[in-house]
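A.B. asks: Okay, here's the structure, questions in a sec.
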Amino acid sequence: MDPFTEKTWETRLLDPSLERESKPRLSGLTMVIDKGLGLTAFKDLLDLAGDYIDFIKLGFGTASLTPFPVLKEKLNLAGLHGIHLYPGGTFFEVAWAQQQTDDFFHTLSDMGFSWVEISDGTIDLQDEERSRCIRKARDCSFRVITEIGKKMKGSVTPVSDLAHTFFKDRDDGAEYIIVEGRESGRNIGIFDSQGGVDTDYVLNIYERVESHRLIWECPQNPQQVAILKLLGSKANLGNIPAQEALSVESLRRGLRSDTFFTFGGYSI
Amino acid sequence: MDPFTEKTWETRLLDPSLERESKPRLSGLTMVIDKGLGLTAFKDLLDLAGDYIDFIKLGFGTASLTPFPVLKEKLNLAGLHGIHLYPGGTFFEVAWAQQQTDDFFHTLSDMGFSWVEISDGTIDLQDEERSRCIRKARDCSFRVITEIGKKMKGSVTPVSDLAHTFFKDRDDGAEYIIVEGRESGRNIGIFDSQGGVDTDYVLNIYERVESHRLIWECPQNPQQVAILKLLGSKANLGNIPAQEALSVESLRRGLRSDTFFTFGGYSI
Amino acid sequence: MDPFTEKTWETRLLDPSLERESKPRLSGLTMVIDKGLGLTAFKDLLDLAGDYIDFIKLGFGTASLTPFPVLKEKLNLAGLHGIHLYPGGTFFEVAWAQQQTDDFFHTLSDMGFSWVEISDGTIDLQDEERSRCIRKARDCSFRVITEIGKKMKGSVTPVSDLAHTFFKDRDDGAEYIIVEGRESGRNIGIFDSQGGVDTDYVLNIYERVESHRLIWECPQNPQQVAILKLLGSKANLGNIPAQEALSVESLRRGLRSDTFFTFGGYSI
């Protein structure tokens, strides 16, 4: 028998049909939310699941509370793993409310961030102002993710409004558009008060826009399962808790019961 | 432009109104519950969020199950970060039930603990015995936190009883008094079976005692939001899960949607 | 006074009645689920709670997604702590559905695993085929854990069927049999949709088989409490989240309120 190596382990166990596109990918993206990982935990996550993570968001305003050397090193590590690290949209909204949007972009750029999120989950941005912010970010050489949806309990954005904003954001240069699900995944956007998914709403959105540009925030396992089964294993998922990164990858590959038949495609 | 340094990052991004009193503080305290952090995770937490944490409680009886070298190093690290590490009240209650209260205090003191929690969430302490225990701890040079409230499901301590015990504990030398919320935050004290906050009860307590001496156990995010909105950003919060330390600090500073307008004070 | 050492800390604080059988134990086993711990977190867990953990399961198919050097080192570390590390049953089921069962056993064996789980939570194994798989694993020198129960929502295996499979698995060489509870602990086997425990069902099973060979999957704290109170502190518990390992040990020893009187045995 051949000597047992990493190659042997990988080739002997995985059906080629279960393999995934390698990074950088254009779909099947996973965005993890970091709402307070220590530096060691961050590194640990990347060493374990770095290949399965495309974006890491520093939740809400935590970027500003993270000690400078820790933040600097997180940026460095993310870069080494081909992961885009960016501050949560609420951080932008705080800067906007303080009328410091320009300073905000310059400081983040100096810090080393190359992606930024523009959202109005808490503040109200009129169309024109939203455009101006996205374009300003682009002028500062940022790649832009936007988010659509209000964070207020029970808030749901009508599909036509969402589609309108989606295409306007794309025109302004946004590369990905997040559908709001918060960190809780309850009573917001596509989720009811129990965290269940409104499948009609999801499908309506999906059919109206460039679906591979959408990132669905779905923090809870049953939500991840529902979105993946509805939209396929290459749906982009966001707000994945750090400890669930490997579980989500298992779901995408049919390596967990919930999607065993859907993506594993096993005939038994 | 100036060279980009830690100072630049901090001063450019934070509105002075969002700054917090530095440690040691007398209010706006955050107590984190450690129910089984490894040593690396503990150090990681302190390096990330040490400035935002005032107390760390070793949940229930876990102190006695923590390997000696790990515990010793946790004490050392907490000290370096100006954080008070102390064993959960149930550990005291076990010692009391074993009639080993004196040994308990001496051993903890020899171990290097300087704070201790006295509670009767599970046992029953009559007024006189409760006083004796607090005074004994003080005699052993401990600084004392007490807890008021039973851990039994559905248990609620009447406000007048709570106020009575509060002032007696203070007379006996307790510096902070915890209002029981358990690690679950459900169906106990200020929380209903869904984890909702009984605001009348909270306000009644708040108005009857020295409120800056109270620590409200509120493990769940909606509870933290409710207490902070009700009592202000300087309410003392307890039983915060380690991974939520940065999120709680974000809430205190209006850097998360839930308290964006309340504490950010942004006019939009 | 004697110099204060590790010995002093341990002997002064613990009532001998609270001590636990040391490893390797035949009952009172704790199986932790690792659904994506980084290597540092894994080591951290073992240094903290290694004495209290008997098995660690790499949840569902995550073993195949774990980078080779990380997996190799997890195996090494687990061995040093006398902990049995094994891949989740769904991983076996994937291999079976791919008709690669033999390759699966050989590869895991070459990798260094010495325990394996045989289950049919998602696939359907007829009695004879189940026997064949268990015996095949035994022939490859594996020690075997089996699992009984379907992962489908609301699924409950009748007690007589469960007992039948239990004794057949034992005949085929299985050393432990897991009662399915999934990672969620809701609406499956012994748990209702709220995660409550069906005590009659549990007791019925308990009385029909060799109970010390059963491992009860109970991911949530109230479930752990319910099973321990029902079956005693030496019940074998499974799917314990890594961060709950110390909490479960506290429950077993009456060091947490929920089992203070049950296992602490304190008369007050």
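A.B. asks: Under the Kirkwood approximation for Rh and a Cα-based Rg, what ratio Rg/Rh is obtained for chain B? Before the final figure, lay out each step's value.
C.D. replies: Values: Rg = 18.8 Å, Rh = 19.2 Å.
Radius of gyration over Kirkwood radius for chain B works out to 0.98.
A.B. asks: Excluding residues fewer than 8 places away in the same chain, name every one of the lysines whose C-alpha is closer than 17 Å to that of C:Lys57.
C.D. replies: Filter leaves C:Lys35, C:Lys43, C:Lys72, C:Lys74, C:Lys151.
A.B. asks: Measuring nothing but label to label, 7 Å from Cα along Cα→Cβ, what are B:Arg208's distances to the other copies in nm, shortest first?
C.D. replies: Taking the point 7 Å beyond Cα along Cα→Cβ, the inter-copy spacings are 5.3, 5.3 nm.
A.B. asks: Taking a probe of 1.4 Å, how large is the accessible area per residue of the range A:24-254, in Å²?
C.D. replies: Working: 7810 Å² over 231 residues.
Normalised by residue count, the accessible surface of the range A:24-254 is 34 Å².
A.B. asks: Straight-line reach from A:Lys136: which lysines fall under 20 Å, measuring Cα to Cα and dropping same-chain residues less than 8 apart?
C.D. replies: A:Lys168
A.B. asks: Probe radius 1.4 Å, ligands and nucleic acids ignored: give me the carbon and sulfur share of the accessible area of the range C:24-255 as a rounded percent. Intermediate results must be reported in sequence, preceding the final value.
C.D. replies: On the way: 3670 of 7820 Å².
Summing carbon and sulfur atoms, their accessible area is 47 percent of the total for the range C:24-255.
A.B. asks: Of the listed peptides A:52-58, C:81-87, what is their order by residue-averaged count of other C-beta atoms within 10 Å, with the highest listed first?
C.D. replies: On the way: A:52-58: 25.0, C:81-87: 21.3.
Answer by packing, highest mean first, reads A:52-58, C:81-87.
A.B. asks: If you take the accessible area of A alone plus B alone and subtract the pair, what total do you get in square angstrom, rounded to 100, with a 1.4 Å probe?
C.D. replies: On the way: alone 13140 and 13150 Å², together 23180 Å².
So the total buried area for this chain pair works out to about 3100 Å².
A.B. asks: Could you tell me how many degrees, from 0 to 90 and to the nearest 10, lie between the Cα long axis of helix C:159-172 and the main elongation axis, the longest principal axis, of the Cα atoms of chain C?
C.D. replies: On a 0 to 90 degree scale, this one is about 80.
A.B. asks: Sticking with this one: Note down the relative contact order for the range C:20-71 as a percent, whole number, built from C-alpha pairs under 8 angstrom at least six residues apart.
C.D. replies: Numbers: 38 pairs, mean separation 24.6, N = 52.
Computed value for the range C:20-71: 47 percent relative contact order.
A.B. asks: Rounded to two decimal places and with Rh computed the Kirkwood way over Cα pairs, what is Rg over Rh for the protein assembly as shown? It would help to have the intermediate numbers written out before the result.
C.D. replies: Values: Rg = 26.8 Å, Rh = 27.8 Å.
Across the protein assembly as shown, the Cα-based Rg/Rh ratio is 0.96.
A.B. asks: I want to check the label-to-label distance for A:Arg132 and A:His212. Put each point 7 Å from Cα in the C-beta direction and report it in nm to one decimal.
C.D. replies: 3.5 nm
A.B. asks: Based on the mean of other beta carbon atoms within 10 Å per residue, what is the order of A:39-45, C:100-106, most packed first? Please report the intermediate quantities before stating the final value.
C.D. replies: Details: A:39-45: 22.4, C:100-106: 17.0.
Peptide ranking by packing, descending: A:39-45, C:100-106.
A.B. asks: Tell me the distances, shortest first, between C:Pro69 and the same position across the other copies, using label points 7 Å along Cα→Cβ, in nm to one decimal.
C.D. replies: Computed spacing set for this position: 2.4, 2.4 nm.
A.B. asks: Per-residue Cβ counts within 10 Å, from other chains only, averaged over C:86-95: what number is that? Walk me through the numbers before you get to the answer.
C.D. replies: Details: counts 0, 1, 4, 1, 8, 4, 0, 6, 12, 2.
Mean number of neighbouring Cβ atoms from other chains: 4.
A.B. asks: Taking H as built 1.01 Å from N, whose amide H comes closer than 5 Å to the amide H of C:Lys153, not counting residues under 5 places away?
C.D. replies: none
A.B. asks: Based on the Cβ-Cβ distance of B:His164 and C:Asp103, what FRET efficiency does E = 1/(1 + (r/R0)^6) give at R0 = 56 Å, to the nearest 0.05?
C.D. replies: Details: r = 71 Å, r/R0 = 1.27.
So the FRET efficiency works out to roughly 0.20.
A.B. asks: Which order do peptides B:24-32, A:152-160, A:180-188 fall in by mean Cβ count within 10 Å, highest first?
C.D. replies: Working: B:24-32: 18.2, A:152-160: 13.6, A:180-188: 21.0.
In decreasing order of mean packing, B:24-32, A:152-160, A:180-188 become A:180-188, B:24-32, A:152-160.
The values are calculated or read from the model by the stated rules, or taken from the named source; none is laboratory data. Everything numeric in this text was worked out from a predicted model, so none of it was measured. Positions of Cβ are generated from backbone atoms using ideal geometry, with glycine treated the same way; all protein chains shown enter the neighbour counts. The protein model used for the area step is the full one, side chains on, heavy atoms only, and it has no ligands, DNA or RNA in it. Shrake-Rupley method; radii C 1.70, N 1.55, O 1.52, S 1.80 Å.
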